[in-house]
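Have a look at the structure below, then the notes.
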Amino acid sequence: MAKVKNWQLNREMEYPYEEKKPKKQITYVFDTNKCIACQTCTVACKTTWTSGKGEETIFFNNVETKPYGGYPQKWDVNTLKELNGQEWGKDGVYKGKTIFESETGERVTGWRPPERNYAFPNIGEDEVLGNMEKGAFFNGIHDIWMFYLARICNHCSYPGCLAACPRKAIYKREEDGIVLIDQSRCRGYKECVKACPYKKTFFNMVTRVSEKCIGCYPLIEQGEQPRCVTSCIGKIRLQGFMEDAKEPRRDSPFDMIVRIKKIALPLYPQFGTQPNVYYVPPVHVPKDFLIQMFGPNVEEAITQYRNMKDDKELLAAFMLFGNTHRIIHSYKAEENYAVGYNEIGDEIVRVPYVEPVLNRPHWDAQFQTFRHNTP
Amino acid sequence: MKRILFLVLIAVATQLQSVYAQNAAAGEKTFKASCNACHSIGKGKIVGPDLINVNKRRTEKWLISFIRSSQTVVKSGDPIAVKLFNDHNKIPMPDQKLTDAQIKDVLAYIKSKSAPANPAPATAATKKAAISTPSTKTTTKPVVAKQADDWIDAEYKLKSYPTQQDVNPKELNAEFWSKIEALKLPVSPQTLAYPTLQIPSIEYLTVKSVYRPKEVAFLIEWNDSSKSNEVDVVKFCDQFAVEFPLSTKVIPSYMMGNKEGMVHIVHWKAIWQEDCEKGFQDVQVKYPNMWVDVYPGLESYLDRSKRIYAQDITAVQIVDTRSTGNMPGTYSKNPMSQIKRKEPVEEAVAEGFGTLTTQETQQAKAWAEWKDGKWKLCVVVPVNTGNKYKATFTDRTKVAFALWDGGFQNIGGRKHFIPWVDLFFQK
């Protein structure tokens, strides 16, 4: 076991391989507050990558309702149970064990879902925590809650799947940090299925080898964002790159959102894999639940998020979501527009902070008719 | 006074030597059971370092703590341990559940093997060998032309008998098998390399063997209360493998071979047996009530008038009539993703953990039957064919076996094994 630095835990941790950073790391930001669980991302991914025989239960992308939903069912609580309690120090240092600091005699602590847990992809949908009391009314704070969590492979910096593969059939690409399973090398031992704490490696029962989200790498190689990102009708997603070895850049939307303003947080950082999908936590959910899910910086993130309307630099980064299929490498907050640039600095998107409003007169002179609001 | 002390020291030293001599024999047994797979004494590096003269390089105290838990020593920052770990590809040496006395016996054995000039341990070792293998010493008449330099007599000897007739693996109850003597071999859980088998469920297997000029056949039987021939995320199948050194010039590690010596492996799986017996075990075979809306691109296969819906389309149909682009493993020509399998076995080569590679020429044959809590399996292995990836030998070689119990989630390294057994070809 080597010692590697996990910045999300603010400490060193054990990992079977030496720390080796890709040239740039694929990174996503998902704003949970904007997700409506329409599953357009799920369908876009499914039809693009996993519509074949044997891939019936494979969802590289899924959207589940928290607290009760999950695919495979109970993936998160079961892995948390394996970790046996996780404690964060006051200094933001994780005091508990990661999946690599196992005392079970296994290389990676993992939970293998029974096949039944793959049978109900959308179980728990829209289910809220608890019942409404008779006579309850909305007074600014919800009595009961739920929220939608869109999930893909986290293309972790320290992947659990890669660590567990006895054949080294899983690799992390040097050029962009995408984690892939070599389809010609895998022998279907399913160690990765057990080891991935996010349960985003899947077993294909026809080809009898495992598969996982490929980060739409053919698109990435052409400078385009993945299918799940560009198909999102709620514009909750942004994909690009981050280099955590370098000083954060104020002109990178990812550095601004994740490292400078710290408004988007990793999902279950305590697993220790240093995941690269960052979530803006839902603003209306009890803090203890959110701390368990996104780590100790939840409250600061929500405060920042609520103040975003007054923070043009941050707002501009969020305006870029879902407005171009090209990958944004840098951006600028202009007076009235958020502007995104590609790798060589060409402008690829320009988004107004306020959509222009056009008031059309009741009488249409061209067509000689009255305009109606027809529902 | 000084003189007395000197004499006392001599006395102690002499006594120590005799203690070493006695314990080396016990140490040899432990060494062969626990260390042999990864370490040699004077034959070079296998997975771990060559242990020749290790007693001169390190203190006994250091060795005991390292053998008991190497990672504890590495983590303590001990510079020698850290360097050792880094020099050996960071493959951690598994913790050994041995007593101080047992470790000391092993060290005594290593010491005895390191200094062959020392007569006392050598005698002990020879004695041990003579006791455990009286029959083979007399039955092996012809001296092997090119005997391995590192040939170590194994604890178990298996005799293979000549046969004139073709061995048809499907005739598991053929008359001639009943005349062959069976050897009972105890199996151990694999705990040397990650991932390990933590709960062993098989105790032993029995094996019979016959040979023809270019074939060796084995009839294997083992108890397995559940027939596991399933394949899915938490379903595992029963498996068996037999392994040979590629040549007898170098005897490789019995654990998947090593860089210095490749191994020839023949691997049988119950799911492949099922594929061959009943046709490809497709999704709708394993889940008869499955239902699916559509497989995009396969709409032309549907026929409502004949009640053919998406879930009725088979993998064989796809492989036969169109691109396998939606079946990534099959498209990448992964041998695991072969839809039309002819034999329930595959032949592979390996030269260390994680290097198992399917061979281009597949000639092995096999058939198996599960009945009353017992698997009976016949494997026919091509040997001495001139192909450099098939086992080559003259009149003796070694074989090792592995078993997987699907009912106990055995897979990959999570298996039961039997280390090298000497295989003698009777005239």
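Each reported figure results from applying straightforward, stated rules to the coordinates on display, with no laboratory input. Keep in mind that what you see is a predicted model, and the values were worked out from it rather than measured. With ideal geometry, Cβ positions are generated from the backbone for all residues, glycine too; neighbour counts draw on all protein chains shown.
Under the Karplus relation 6.51 cos²θ - 1.76 cosθ + 1.60, θ = phi - 60°, what is the ordered set of whole-Hz ³J(HN,Hα) values for region A:242-250, x standing for Gly and Pro?
Each residue of region A:242-250 in turn: 9, 10, 6, 7, 9, 4, x, 9, 6 Hz.
Can you check what the Kirkwood hydrodynamic radius comes to for region B:261-378, Cα pairs only, in Å to one decimal?
For region B:261-378, inverting the mean 1/r across all distinct Cα pairs yields 16.7 Å.
Based on the Cβ-Cβ distance of B:Ala101 and B:Asp150, what FRET efficiency does E = 1/(1 + (r/R0)^6) give at R0 = 25 Å, to the nearest 0.05?
For B:Ala101 and B:Asp150, the calculated efficiency is 0.35.
With r defined as the distance between the Cβ atoms of B:Gln164 and B:Thr361 and R0 fixed at 22 Å, what FRET efficiency is calculated, to the nearest 0.05?
Step by step, r from the Cβ atoms, then E = 0.30.
Filter B:Lys278/B:Lys390; A:Lys200/B:Lys340; B:Lys83/B:Lys111; A:Lys21/A:Lys81; B:Lys97/B:Lys415; A:Lys168/A:Lys190 down to the pairs with a C-alpha to C-alpha distance above 21 Å, please.
Pairs exceeding 21 Å: B:Lys278/B:Lys390; A:Lys200/B:Lys340; B:Lys83/B:Lys111; A:Lys21/A:Lys81.
Take the alpha carbon atoms of region A:1-75, find their center, do the same for region A:237-290, and report the distance between the two centers in whole angstrom.
Each part's Cα centre sits 13 Å from the other's.
What FRET efficiency do you get for A:Ile233 and B:Asp320 if R0 is 30 Å and r is their Cβ-Cβ distance, rounded to the nearest 0.05?
That pair, A:Ile233 with B:Asp320, gives E of 0.15.
So how far, in whole Å, is the C-alpha centre of region A:303-339 from the one of region B:285-338?
Centre-to-centre distance over Cα atoms comes out at 45 Å.
With no solvent and one equal point scatterer placed on each C-alpha of chain B, evaluate the Debye formula and give log10 I(q)/I(0) for q = 0.06, 0.08, 0.09, 0.11 Å⁻¹, two decimals.
Taking Cα atoms of chain B as identical point scatterers yields -0.32, -0.54, -0.67, -0.93.
Which of rounded, prolate, oblate describes region B:283-330, given a ≥ b ≥ c as roots of the alpha-carbon gyration tensor eigenvalues and a/c under 1.5 marking rounded, otherwise prolate only if a/b is larger than b/c?
The shape class here is oblate.
Using a 7 Å offset from the Cα along the Cα-to-Cβ direction at both A:Asn342 and B:Val82, what is the distance between the two label points in nm, to one decimal?
Modelled inter-label distance: 4.7 nm.
Where Rh is the Kirkwood radius over the Cα pairs of the protein assembly as shown, the temperature 4 °C and the viscosity 1.567 mPa s, what D in µm²/s does Stokes-Einstein return?
Stokes-Einstein gives a translational diffusion coefficient of 43 µm²/s.
Residue by residue, what Karplus-based ³J(HN,Hα) values in Hz, rounded to whole numbers, does region A:97-109 have, using 6.51, -1.76 and 1.60 with θ = phi - 60° and x for Gly and Pro?
Whole-Hz 3J(HN,Hα) from phi for region A:97-109: 9, 8, 5, 8, 9, 7, 10, 9, x, 9, 6, 10, 6.
Quick check: from the Cα gyration tensor, does region A:27-67 come out rounded (a/c under 1.5), prolate or oblate?
prolate
What is the mean number of Cβ atoms from other protein chains located within 10 Å of the Cβ atom of each residue in peptide B:318-331, rounded to a whole number?
The shielding value for this peptide is 5.
Give the residue list of GluC sites (Glu not before Pro) in region A:108-160 that are DSSP loop and have at most 16 other beta-carbon atoms within 10 angstrom.
Hits after loop and neighbour filter: A:Glu125, A:Glu127, A:Glu133.
How much length is gained on full extension from A:Lys262 to A:Arg350, taking 0.36 nm per residue of separation minus their Cα-Cα distance?
Using 0.36 nm per residue and subtracting the Cα-Cα distance, I get 29.3 nm.
Quick query: amide H of A:Phe30 versus all other amide H atoms, modeled in the peptide plane; which residues come in under 5 Å with a sequence gap of 5 or more or a different chain?
Sorted by chain and number, the residues that satisfy this are A:Tyr278, A:Tyr279, A:Val280.
Enumerate by residue number the trypsin sites (Lys or Arg not before Pro) in region B:169-265 meeting two conditions: DSSP loop (anything except H, G, I, E, B), and at most 13 other Cβ atoms within 10 Å of the site's Cβ.
B:Lys170, B:Lys214
Under 20 Å from a point placed 7 Å out from the Cα of A:Lys287 along the Cα-to-Cβ direction: which residues of region A:73-98 have their backbone N that close?
In region A:73-98, the label zone of A:Lys287 (backbone N under 20 Å from the point 7 Å along Cα→Cβ) covers A:86-95.
If only Cα atoms are counted, what is the Rg of chain A, and what is its Dmax, in Å?
Cα radius of gyration and Dmax of chain A are 21.7, 81 Å respectively.
Stokes-Einstein at 4 °C, 1.567 mPa s, Kirkwood radius from Cα pairs: D for region A:1-138 in µm² s⁻¹?
70 µm²/s
Which chymotrypsin sites (Phe, Trp or Tyr not before Pro) does region A:328-375 hold that lie in a coil by DSSP with at most 11 other beta carbons within 10 Å?
Sites meeting the loop and neighbour criteria: A:Phe367.
Along the Cα→Cβ direction, 7 angstrom out, place labels at A:Arg173 and B:Asn387. What is the inter-label distance in nm?
Using points 7 Å along Cα→Cβ, the separation is 3.6 nm.
Quickly work out the B:Arg212-to-A:Glu101 label distance, labels modelled 7 Å from Cα along the C-beta direction, and quote it in nm with one decimal.
Each label point is offset 7 Å from its Cα along the Cβ direction, giving 6.1 nm.
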